[in-house]
1. Every residue in the range B:40-67 that is among the hydrophobic types (A, V, I, L, M, F, W, C) and at the interface with chain A (Cβ under 7 Å from one of its Cβ atoms), please.
2. Which numbered condition trips up B:A48, out of (1) closer than 14 Å to A:E107 by Cβ; (2) aliphatic (A, V, I, L, M); (3) assigned to a loop (DSSP other than H, G, I, E, B)?
3. Can you find even one residue in the range A:170-178 that is in a strand (DSSP E or B), crowded, with 21+ Cβ neighbours inside 10 Å, touching a helix residue (DSSP H, G or I) at 6+ places or on another chain (Cβ under 8 Å) and not hydrophobic (A, V, I, L, M, F, W, C)?
4. A:L193 passes all but one of (1) closer than 17 Å to A:K38 by Cβ; (2) touching a Leu at 6+ places or on another chain (Cβ under 6 Å); (3) away from chain B (no Cβ under 14 Å); (4) aliphatic (A, V, I, L, M); which number fails?
5. Return the residues of the range B:13-37 that are away from chain A (no Cβ under 14 Å) and either at pLDDT below 90 or assigned to a strand (DSSP E or B) (or both); say none if nothing qualifies.
6. For the range A:224-238, does any single residue satisfy the condition of being more than 14 Å from chain B (Cβ to nearest Cβ), crowded, with 22+ Cβ neighbours inside 10 Å and more than 22 Å from A:C154 (Cβ to Cβ)?
7. Which condition from (1) farther than 22 Å from B:G66 by Cα; (2) at pLDDT 70 or above; (3) assigned to a helix (DSSP H, G or I) is the one that A:K46 breaks?
8. Just for the range A:91-106: of the residues that are facing another protein chain (nearest Cβ under 9 Å) and either assigned to a strand (DSSP E or B) or in contact (Cβ under 8 Å) with a residue 40 or more places away in the chain (or both), which one is nearest to B:V64 (Cα to Cα)?
Amino acid sequence: MTNEPPVPALADLPPPESKLLRVGSHSLNSRLIVGTGKYDSLQLMKESLEASGSDCVTVAVRREKLYDREGKNLLDYIDLAKYTLLPNTAGCYNAIDAVRVARLGREILKSLENPGADWVKLEVLGDSKTLLPDPIATLEACKMLVAEGFQVLCYTSDDPIMAVRLKAAGAASVMPAGSPIGSGQGILNPNNLRIILEYLKAGDPDYPVIVDAGVGTASDVSMAFELGADGVLLNTAIAHARYPVAMATAMKHATISGRLAYQAGRIPRRLYATASSPEDGSITSRPW
Amino acid sequence: MISIEFNGIVSQVDKKSTVLDLLVFSKVQSRFCAVELNLEIVPKDEYATRLLCDGDKVEVVTLVGGG
């Protein structure tokens, strides 16, 4: 008998806890968070959410329509026992408005008795063309919301220094954009994301970094996870795909495969080839 | 009648109307809503007692699809 090396089993690779995405006091079974906007119909949204495998969905706070109301509410299509809602502050351009919208979102979720009442996706925008975050107002709003007891998941650009500032301000998760919201350009600067992950996880490996915005297709999601992101948040890539339910299914698999590939440990990149078949015992001649 | 601004629209309501009266009149599903009166959130258990005053600004918001 030769001494065979032990076979690493699949179950050995990801410890059961690491299957969960932990953000503040929340534990999510799926590392994919999906938005509920831009669907052609609420039924299509519902089926897409199911296909994505996600158990956390983002929602926006808007004026109740007093006229022309169809009588249908988004919440009629979201199983509140299944999904944790993550209210956002989308459309806010200053810290005061963001805090105001976050409070209103919390108020609604409290009355729904949804666990998402204590957290918020903070988004303070700088301009409507790029939808890039206003870093100064974002930091200001983050501090104000943390002081009010919110667990803040903070949308930001892929600037590592800003990411460090937001974590220091008490953000429960920093959520760098891969590229502009809804642009579908994927992860434009993987090196910045690498630096953010290195900085935010230094001495704090479980600190959650979620790539938010810019995803165009499934490979973008896998890439984010392969880089070491803890989660991905996306909306348009599913909602505006030609077949949203199919794309949602693809995103679910991309999440699983990207995360697993990260945990499995990729091989280093090399300039030259390394043969997969042994040189030993070869019967062929060599040109050199 | 008094004049209030309700979700950005100037509206006339009866004197001594409450927040609840406004919600019932507007057929709003209050379970899915939050109410802000002059920038302050009105707790649900105060809807029936909070009186509206002339010039009040009321916002009734709900959740919609978003990313």
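1. At the first step, the residues of the range B:40-67 found to be among the hydrophobic types (A, V, I, L, M, F, W, C) are B:41-42, B:48, B:51-53, B:58, B:60-61, B:63-64.
Once the filter is applied, which keeps residues that are among the hydrophobic types (A, V, I, L, M, F, W, C) and at the interface with chain A (Cβ under 7 Å from one of its Cβ atoms), the range B:40-67 yields B:I41, B:V60, B:V61, B:L63, B:V64.
2. (1)
3. Taking the range A:170-178 first, the residues in a strand (DSSP E or B) are A:173-176.
Those still in the list that are crowded, with 21+ Cβ neighbours inside 10 Å too: A:173-176.
The next check asks that each one be touching a helix residue (DSSP H, G or I) at 6+ places or on another chain (Cβ under 8 Å); those that pass are A:174, A:176.
Now drop any that are not not hydrophobic (A, V, I, L, M, F, W, C), which leaves A:176.
Yes, the range A:170-178 contains a residue that is in a strand (DSSP E or B), crowded, with 21+ Cβ neighbours inside 10 Å, touching a helix residue (DSSP H, G or I) at 6+ places or on another chain (Cβ under 8 Å) and not hydrophobic (A, V, I, L, M, F, W, C).
4. Here A:L193 clears every test but (1).
5. B:T18 - this is the single residue of the range B:13-37 that is away from chain A (no Cβ under 14 Å) and either at pLDDT below 90 or assigned to a strand (DSSP E or B) (or both).
6. no
7. Here A:K46 clears every test but (1).
8. As a first pass, look at the range A:91-106 and keep what is facing another protein chain (nearest Cβ under 9 Å): A:91, A:100-101, A:103-106.
Going one step further and asking which of them are either assigned to a strand (DSSP E or B) or in contact (Cβ under 8 Å) with a residue 40 or more places away in the chain (or both), we end up with A:101, A:103-106.
Details: A:V101: 13, A:R103: 16, A:L104: 13, A:G105: 11, A:R106: 14 Å.
It comes out as A:G105.
The values are calculated or read from the model by the stated rules, or taken from the named source; none is laboratory data. Values in this document were obtained by computation on a predicted structure and should not be read as measured data. Virtual Cβ from ideal backbone geometry, glycine too; neighbours counted across all protein chains shown.
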